[in-house]
1. Take residue 274 and tell me if it is free of Cβ contacts under 8 Å to residues at least 60 places away in the same chain and away from the ligand (no atom under 16 Å from the Cβ).
2. For segment 219-240, which residues satisfy the criterion of being within 13 Å of the ligand (Cβ to nearest atom) and either in contact with a Pro (Cβ under 9 Å, 6 or more places away or on another chain) or part of a helix (DSSP H, G or I) (or both)?
3. Kindly establish whether residue 293 is open to solvent by less than 10 Å² (accessible area, probe 1.4 Å) and more than 16 Å from the ligand (Cβ to nearest atom).
4. Could you check segment 80-96 and list, in sequence order, the residues that are without any contact (Cβ under 8 Å) to a residue 60 or more places away in the chain and of a type in the set (A, V, I, L, M, F, W, C)?
5. Please state which of the following conditions residue 127 fails to meet, knowing it meets all the rest: (1) within 16 Å of the ligand (Cβ to nearest atom); (2) closer than 23 Å to residue 333 by Cβ; (3) within 15 Å of the chain's Cα centre (by Cα); (4) not assigned by TED's automatic domain parsing to the domain that holds residue 231.
6. Are any residues in segment 320-357 among the polar types (S, T, N, Q), farther than 18 Å from residue 103 by Cα and either in a helix (DSSP H, G or I) or touching a residue at least 60 places away in the same chain (Cβ under 8 Å) (or both), and if so, which ones?
7. Would you please name the residue that is farthest from residue 40 (Cα to Cα), looking only at residues in segment 241-251 that are more than 12 Å from the ligand (Cβ to nearest atom) and buried (at least 22 other Cβ atoms within 10 Å of the Cβ)?
8. Pick out the one residue from 265, 216 that is farther than 19 Å from residue 165 by Cβ, surrounded by 15 or more Cβ atoms within 10 Å (Cβ to Cβ), away from the ligand (no atom under 16 Å from the Cβ) and within 22 Å of the chain's Cα centre (by Cα).
Amino acid sequence: MKRRDFIKKAGIGGVAASSVAAPAIVSAKTKLKWKMVTTWPKNFPVLGTGANELARLITEMSDKRISVKVYGAGELVPAFEVFDAVSRGTAQMGHGAAYYWKGKIEEAQFFSTVPFGMNAQEMTAWLYHGGGMELWEETYAPFGVLPAAAGNTTVQMAGWFNKEINSVADLKGLKMRIPGLGGEVLRRAGGTPVNLPGGELFTSLKTGAIDATEWVGPYNDLAFGLYKAAKYYYYPGWHEPGTTLEAVINKKAFEALDKDLQSIVKNACRMVNQDMSTEFTAKNNAALDTLVNKYKVDVRKLPDDVLGKLKGLSEEVVTELAGKNEAAKKIYQSYDKFRKQVMAWHDISEKIYFNVR
Ligand code: CA
């Protein structure tokens, strides 16, 4: 190519330079510094440390061609501004959960968790092998953001209560910290859902400002000392049966990467997605043992009629969410079809095995 043609094609020196600028290809020798903003307190067990691990993996696997620095909630941007920060390129990456962005994208909630919905294994199966990931990418595309599943809490606990729950009537007037769709379900059951950041749970429960709170599971709940502030620890976490955590990546930053670096970023997310689930499983069983045997916590199952009531109301809430817009409907149809199919299979595999072993 003649120099003049090259200059013309590349737009160099011309007024059209900005509109025809070639994509910034990152050469193999370029050292990039990426910021990862998170919705978690810095180094928070599993959630925050999982984000640290994701950063470490990308940095190590790329031989520092991308060095990722992690910021806890509030360090660079507040927790609930992670998505926007990545969208506008303030940070190249973020780590959080899709239901935090429901004010902006209501249907994003399907990509984190749904009350009485799929568990961790089923969510990952839907996302990676059932069409979920394509829908998720489509959902975030208008914001210039690429999503990836990057962790899962596995089934959470129903929470810590200072009131016994023996019947549906006991939900009436129950003031409980429970965010999202689960909170709406509780409201319809006669309770008062409140949303509080994790750091305020202990004091609110201890002082009686709330009657109950959910958080995550034994390991994270033990870390907050919630057993010192409540009498009963109820299960199962009907409202969060397997919350997918997410990595969000600025699409322009991702597309500017060499193919091998793109693969490293995507596969590091995939590794962390699996690893956080297994870490929760390992740490939760040890923490449950401590709560029961060392701290003598009263661990109880929610009565069947209470779970039945919550399930009915959950169906109502989820169906309403599906009716909000065309995108929500499309995602719900894919989610629900997969859920029904996987339940039919798990009914004769995982579930029956759990019951007979
Ligand atoms: Ca929770």
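1. On the way: free of Cβ contacts under 8 Å to residues at least 60 places away in the same chain: no; away from the ligand (no atom under 16 Å from the Cβ): yes.
Criteria not met by residue 274.
2. If the condition is that a residue be within 13 Å of the ligand (Cβ to nearest atom) and either in contact with a Pro (Cβ under 9 Å, 6 or more places away or on another chain) or part of a helix (DSSP H, G or I) (or both), then 219, 220, 221, 226, 238, 239, 240 are the ones that fit.
3. Numbers: open to solvent by less than 10 Å² (accessible area, probe 1.4 Å): no; more than 16 Å from the ligand (Cβ to nearest atom): yes.
No: the conditions fail for residue 293.
4. Taking segment 80-96 first, the residues without any contact (Cβ under 8 Å) to a residue 60 or more places away in the chain are 80-81, 84-85, 88, 90.
Of everything in segment 80-96, those that are without any contact (Cβ under 8 Å) to a residue 60 or more places away in the chain and of a type in the set (A, V, I, L, M, F, W, C) turn out to be 80, 85.
5. The one condition residue 127 does not meet is (1).
6. To start, the set of residues in segment 320-357 that are among the polar types (S, T, N, Q) comprises 325, 333-334, 341, 349, 355.
Imposing the further condition that a residue be farther than 18 Å from residue 103 by Cα reduces the set to 333-334, 341, 349, 355.
Once the filter is applied, which keeps residues that are among the polar types (S, T, N, Q), farther than 18 Å from residue 103 by Cα and either in a helix (DSSP H, G or I) or touching a residue at least 60 places away in the same chain (Cβ under 8 Å) (or both), segment 320-357 yields 333, 334, 341, 355.
7. As a first pass, look at segment 241-251 and keep what is more than 12 Å from the ligand (Cβ to nearest atom): 244, 246-251.
Next, from what is left, pick out any that are buried (at least 22 other Cβ atoms within 10 Å of the Cβ): 244, 246-250.
On the way: 244: 14, 246: 12, 247: 13, 248: 14, 249: 17, 250: 19 Å.
Checking each candidate, the answer is 250.
8. On the way: 216 fails: away from the ligand (no atom under 16 Å from the Cβ).
Sole residue among the options that is farther than 19 Å from residue 165 by Cβ, surrounded by 15 or more Cβ atoms within 10 Å (Cβ to Cβ), away from the ligand (no atom under 16 Å from the Cβ) and within 22 Å of the chain's Cα centre (by Cα): 265.
The values are calculated or read from the model by the stated rules, or taken from the named source; none is laboratory data. Keep in mind the model is a prediction, meaning the values are calculated, not measured. All Cβ positions, glycine included, derive from the backbone under ideal geometry; neighbour counts span all protein chains shown. Remember, those area values only see protein heavy atoms, side chains included, never the ligands or the DNA or RNA. Shrake-Rupley method; radii C 1.70, N 1.55, O 1.52, S 1.80 Å.
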